[in-house]
Amino acid sequence: MPDTVSVIDWIALQRTILYQVAMKEVQTIQHTLSIKGQSRQTNKGYSLVAEELRVRVRNRTTYITIEWLVRRWFKRDGRPRFTTVALRKGRGYRYSEATLARHTRAVDLLVVLETEGRFADIRKRLRALKELEKLLEKTGYTALRQEKGEDFEGF
């Protein structure tokens, strides 16, 4: 049976791997959406679209989030500006298809839904890692590692 320190290290490694996978997915979907939307750009680089779908992955100290955002463009003082709003996920690990469809062009919807399926799988795995980490904290093993003076890098 592995010792607790190796389990904690394994959790950190798995979280890092899942973060890298999520970032790769974000790059792929953003590239796909921007290629399809290139005809929507002006010569100054401002988007001509009223709103566009984006993805954000945040790597916090104790958790990783994957969120879908809507960027809404408007003009103020003759200059293009935007505001960004996070979509509501609801229960479970997935965003609803209706919510994503409401903010996605029809040609992009299939790609967005496939990517969301992969994001849901990543969210589910991250949740399982977090539950394991909480169980270890509850039993006091992480405190034991800190007492030994080992470097306890945040998750």
Looking for something surrounded by 12 or more Cβ atoms within 10 Å (Cβ to Cβ) and acidic (Asp, Glu) - is there at least one such residue anywhere in the stretch 76-89? no
Have a look at THR99, THR104, THR84, THR65 and point out the one that is assigned to a strand (DSSP E or B), over 30 Å from TRP10 (Cα atoms), of a type in the set (Ser, Thr, Tyr) and at pLDDT 80 or above. THR84
Go through the stretch 13-31 and report how many residues are within 15 Å of GLY117 (Cβ to Cβ) and among the β-branched types (Val, Ile, Thr). 4
Considering only the stretch 48-69, state which residues are closer than 16 Å to MET23 by Cβ, out of contact with any strand residue (DSSP E or B) (no Cβ under 8 Å at 6 or more places or on another chain) and touching a residue at least 24 places away in the same chain (Cβ under 8 Å). ASN59, TYR63
Would you be able to tell me the number of residues in the stretch 60-86 that are in contact with a Lys or Arg (Cβ under 9 Å, 6 or more places away or on another chain), under 22 Å from ARG127 (Cα atoms) and not polar (S, T, N, Q)? 7
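The values are calculated or read from the model by the stated rules, or taken from the named source; none is laboratory data. What you see is a predicted model, and the numbers here were worked out from it, not measured in a lab. Note: ideal-geometry Cβ built from the backbone for every residue, glycine included; neighbour counts use all protein chains shown.
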